[in-house]
2 protein chains.
Amino acid sequence: MLHRLCIVGLGLMGGAVGLAARRHRAATRVIGVGDQPETIDKARRMGAVDDATLDVREGVRDADLVILAVPVRLIPDVAKAILGSLRQGTVLTDLGSTKAPVVHAIDHLIAQAKAPVHFVGSHPITGSEKSGIESAGEVQLEDASCILTPTQQTDHEAYRTVDDFWKSLQMKTQRMAPEEHDAVLARSSHLPHLISYALIQAQTSRSLQFSGPGLRDLTRLAGSDVRLWTDIYTQNANEMAKVVKEYADSMQALAQEFTALAQAGTPGSEAARERLFRFLADARQRHDERFPPGKPKAPEPDLREKDTQVVPQQ
Amino acid sequence: MLHRLCIVGLGLMGGAVGLAARRHRAATRVIGVGDQPETIDKARRMGAVDDATLDVREGVRDADLVILAVPVRLIPDVAKAILGSLRQGTVLTDLGSTKAPVVHAIDHLIAQAKAPVHFVGSHPITGSEKSGIESAGEVQLEDASCILTPTQQTDHEAYRTVDDFWKSLQMKTQRMAPEEHDAVLARSSHLPHLISYALIQAQTSRSLQFSGPGLRDLTRLAGSDVRLWTDIYTQNANEMAKVVKEYADSMQALAQEFTALAQAGTPGSEAARERLFRFLADARQRHDERFPPGKPKAPEPDLREKDTQVVPQQ
């Protein structure tokens with residue numbers, strides 16, 4: 001068990017980690033650092049922290065583990081600001097949705113400052129379109145995946161500290177290179193968010209009005225923080241360019257199928273119908289394998305070993 | 001109140017309408033017509049019908065209102081099969097997700113047969129990705145929209161009968177030309193379904209695995225019945241060709257923005273970032289107006305009069 005856990009940033013995810021850490025008694029004391037008096041009051045009242053402060057240097061002092069739960073664009077700056085206040089051996093992690101830029105920036109900072117501390121990047125694959133600590137209780141960490149992104153520079157003991165911490169919250173940890181993380185998440189998270197925003201913009205005011213639960217659920221992510229997502233997209237622009245182009249091309253191909261399909265009664269229409277049926281049937285099969293029908297809606301990451309590159313713990 | 005309501009087809013939607021009709025006492029008797037003994041047993045046990053039969057001609061006899069709740073490709077055939085068994089003045093409606101082909105086919109059938117019955121097309125804007133009467137309880141009709149699609153041939157009294165029926169289930173009825181319905185629903189329902197299937201196919205096995213609640217929710221509709229959706233797409237292929245092309249073009253434009261954005265530090269990247277931020281912010285605003293944050297997740301169709309073409313009842 002950790003002695004002193006410090007969470008820097010008391011928003012949706014910082015709050016969720018604090019709540020889970022206290023629920024699972026992952027640390028003797030959970031200290032939160034917020035940037036506004038109201039936020040640290042809320043964090044205390046919700047039980048997301050044992051104590052909280054506005055002074056980041058005070059908060060991180062003597063911590064075994066510091067979690068940077070600030071917006072992704074600010075992570076390196078906050079890391080830089082606290083490096084001098086950390087005691088020897090403190091382990092640092094983050095919750096950023098992109099990993100390569102963050103991880104390499106902090107590795108570089110630590111090497112340059114010769115700081116006696118260790119960093120391991122983390123990304124818990126869960127969340128909500130909502131923002132703010134008041135929605136932290138809606139984020140489910142238990143049973144979700146958490147990806148750790150060590151580099152050549154990563155200390156083995158520090159990796160184990162971070163891995164053990166996430167496991168103590170009942171998360172399923174997986175290890176990935178930062179660059180692979182960014183490529184995988186471009187598809188599984190950053191593209192879906194973009195689609196939610198784009199699907200709203202594909203509506204007319206009349207079609208928005210005459211919509212049911214389908215459109216509501218598919219555009220849920222368009223309620224996400226726009227600044228945060230602009231930053232994620234900026235940091236992962238290379239991967240997004242590839243993934244969005246590929247997706248756009250598949251949509252162009254589907255548009256052509258519909259043009260062929262619309263020539264009712266022609267052999268071309270019959271063939272297009274057959275291909276469309278096959279496309280939908282293949283997608284349905286892959287969908288049902290990953291998200292079995294009739295299961296409850298809570299996130300259930302599929303970490304079956306058969307197609308997971310399981311790396312033994314260090 | 002109706003005397004005898006007959007629902008032909010005891011699947012997800014037929015079952016949901018039966019349950020709601022009985023809950024709201026919309027008819028003295030609700031008769032269901034199923035195609036398998038197990039289905040009609042289930043319908044009786046669930047309380048979706050007062051009585052049920054495998055014989056469609058027997059079921060529709062003496063009905064005031066017959067609801068065709070069969071898959072959309074079968075609606076005209078079933079209408080044709082029962083026309084001779086309906087008593088004078090019976091009102092016929094359906095639940096099809098496309099309206100122009102269905103409505104014009106049935107109008108034509110009735111005119112040709114000189115049958116003394118009346119048809120009005122309906123489409124309740126609600127549902128589930130699930131199939132089968134066993135999931136009927138999950139479909140919420142109350143407070144959802146129901147679009148009615150009268151034509152030149154539609155009888156005023158029959159329109160009122162169908163309109164009153166849906167209102168008795170606490171649905172919000174709206175009137176639209178069949179062609180407008182198909183154009184509007186191509187955007188608000190048929191495109192989102194296609195996106196769910198396509199988003200699954202945009203995943204690798206690794207990205208499918210490392211996904212959170214976002215991907216799960218955005219691909220929920222890919223669990224829908226493939227045959228049914230192939231039929232809907234076939235019937236609405238013209239509108240889909242337009243809407244999917246437009247959406248694909250917007251995705252191509254976004255892919256180009258990401259390519260520009262990836263040139264970090266250039267003025268082109270800054271400009272792309274600014275445009276992307278604006279795109280997301282506009283989408284978020286439209287999203288939050290239609291689906292206000294913090295509201296419960298139940299479908300809440302937005303039928304504010306300000307941008308609705310409200311047509312007085314006949």
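Summary of values
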{"read-out": "Scan of region A:67-110 for residues that are assigned to a loop (DSSP other than H, G, I, E, B) and either closer than 20 Å to A:GLU179 by Cβ or within 20 Å of the chain's Cα centre (by Cα) (or both), ordered by number", "value": "A:ALA69, A:VAL70, A:PRO71, A:LEU95, A:GLY96, A:SER97, A:THR98, A:LYS99"}
{"read-out": "Test: residue in region A:116-135 that is away from chain B (no Cβ under 14 Å), under 14 Å from the mean Cα position of the chain (by Cα), in contact (Cβ under 8 Å) with a residue 24 or more places away in the chain and assigned to a helix (DSSP H, G or I)", "value": "no"}
{"read-out": "Which numbered condition A:ARG187 misses (of (1) more than 10 Å from chain B (Cβ to nearest Cβ); (2) buried (at least 21 other Cβ atoms within 10 Å of the Cβ))", "value": "(1)"}
{"read-out": "Sole exception among (1) at the interface with chain B (Cβ under 7 Å from one of its Cβ atoms); (2) of a type in the set (A, V, I, L, M, F, W, C); (3) within 18 Å of B:LEU280 (Cα to Cα) for A:LEU228, by number", "value": "(1)"}
{"read-out": "Exclusive hit being in a helix (DSSP H, G or I), of a type outside the set (D, E, K, R) and under 18 Å from the mean Cα position of the chain (by Cα), set A:TYR159, A:TYR197", "value": "A:TYR197"}
{"read-out": "B:ALA271 vs. criteria at pLDDT 95 or above, more than 17 Å from A:GLN285 (Cβ to Cβ) and more than 18 Å from the chain's Cα centre (by Cα)", "value": "yes"}
{"read-out": "The lone exception for A:GLU257 - which of (1) closer than 30 Å to B:PRO292 by Cβ; (2) more than 7 Å from every other protein chain (Cβ to nearest Cβ); (3) buried (at least 20 other Cβ atoms within 10 Å of the Cβ) it fails", "value": "(1)"}
{"read-out": "Residue match in region A:144-152 (condition: under 25 Å from A:ALA222 (Cα atoms), without any contact (Cβ under 8 Å) to a residue 40 or more places away in the chain, among the hydrophobic types (A, V, I, L, M, F, W, C) and outside any helix (DSSP H, G or I))", "value": "yes"}
{"read-out": "Yes/no for A:ILE200 being facing chain B (nearest Cβ under 7 Å) and within 22 Å of B:SER145 (Cβ to Cβ)", "value": "yes"}
{"read-out": "Residue under evaluation B:ASP217, criteria (1) under 16 Å from B:GLY96 (Cβ atoms); (2) of a type outside the set (Phe, Trp, Tyr); (3) in contact with a Lys or Arg (Cβ under 9 Å, 6 or more places away or on another chain), criterion not met", "value": "(1)"}
{"read-out": "Residue satisfying all of: in region B:166-184; assigned to a helix (DSSP H, G or I) and away from chain A (no Cβ under 12 Å); farthest from the chain's Cα centre (by Cα) among these", "value": "B:SER168"}
{"read-out": "Single unsatisfied condition, A:LYS99 versus (1) in contact (Cβ under 8 Å) with a residue 24 or more places away in the chain; (2) over 27 Å from A:VAL184 (Cβ atoms)", "value": "(2)"}
{"read-out": "Boolean, A:ALA105 is within 14 Å of another protein chain (Cβ to nearest Cβ), farther than 30 Å from A:ARG45 by Cβ and surrounded by fewer than 21 Cβ atoms within 10 Å (Cβ to Cβ)", "value": "yes"}
{"read-out": "Residue in region A:240-254 that is buried (at least 20 other Cβ atoms within 10 Å of the Cβ) and either within 16 Å of the chain's Cα centre (by Cα) or polar (S, T, N, Q) (or both) present", "value": "yes"}
{"read-out": "Residue in region B:199-211 that is buried (at least 22 other Cβ atoms within 10 Å of the Cβ), under 18 Å from B:ALA241 (Cα atoms) and hydroxyl-bearing (Ser, Thr, Tyr) present", "value": "no"}
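The values are calculated or read from the model by the stated rules, or taken from the named source; none is laboratory data. The model shown is predicted, which means the values in this text are computed figures rather than measured ones. When we count neighbours, we look across all protein chains shown, and the Cβ atoms used for this are built from the backbone with ideal geometry, even at glycine.
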